[in-house]
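The values are calculated or read from the model by the stated rules, or taken from the named source; none is laboratory data. Model, not experiment: these values are computed from the prediction. We place every Cβ from the backbone using ideal geometry, glycine too, and count neighbours over all the protein chains shown. Side chains included, ligands, DNA and RNA excluded: accessible areas come from the protein's heavy atoms. Shrake-Rupley method; radii C 1.70, N 1.55, O 1.52, S 1.80 Å.
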Amino acid sequence: MAWTLKVEGQVVREHDLTLGEVELLEAATSETWRTLNPLRSASCAKAIYVVLLQQRSGMNVEAATKQADGMLVTEFLELVGVYDPDDDLPTQYEDGNPQKVAETSTGG
């Protein structure tokens, strides 16, 4: 399972992070991108939240850090979710390629 984090009303999936965001997170946490998880530690949770506030909401680092520092653990946990990344994969293949989804008719 992969994680999601709701930031300013927007749900960010682990697999939607940019390489720039991951690089910032690796530097801030000393974790690799394979082990980044908001439930791994408080410092990892804070780093992910602060970087996403900055990158996705345009908040400056001071304001993002202040917001994260004042957040209760229970508030943060309400923002964390999980998803199965395999749910995005096609279910039908032909000659090793995903099949096109049939167009639906709205009728008229």
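In this structure, does residue 61 turn out to be of a type outside the set (S, T, N, Q), crowded, with 17+ Cβ neighbours inside 10 Å and closer than 18 Å to residue 25 by Cβ? Break it down into steps so the answer makes sense when it comes.
Working: of a type outside the set (S, T, N, Q): yes; crowded, with 17+ Cβ neighbours inside 10 Å: no; closer than 18 Å to residue 25 by Cβ: yes.
No.
Looking only at the range 22-43, which residues are open to solvent by less than 10 Å² (accessible area, probe 1.4 Å) and farther than 21 Å from residue 84 by Cα?
25 - this is the single residue of the range 22-43 that is open to solvent by less than 10 Å² (accessible area, probe 1.4 Å) and farther than 21 Å from residue 84 by Cα.
Given the condition touching a Ser or Thr at 6+ places or on another chain (Cβ under 6 Å), modelled with pLDDT of 95 or more and not in a helix (DSSP H, G or I), answer yes or no: does some residue in the range 30-52 qualify?
no
Within the range 1-21, take every residue that is among the acidic types (Asp, Glu) and assigned to a helix (DSSP H, G or I) and give me the one that is surrounded by the fewest Cβ atoms within 10 Å (Cβ to Cβ). Outline the logic, then answer.
Keep residues of the range 1-21 that are among the acidic types (Asp, Glu), which gives 8, 14, 16, 21.
This time we only want the ones that are assigned to a helix (DSSP H, G or I), so: 14, 16, 21.
Values: 14: 19, 16: 12, 21: 19.
Filtering first and then ranking leaves 16.
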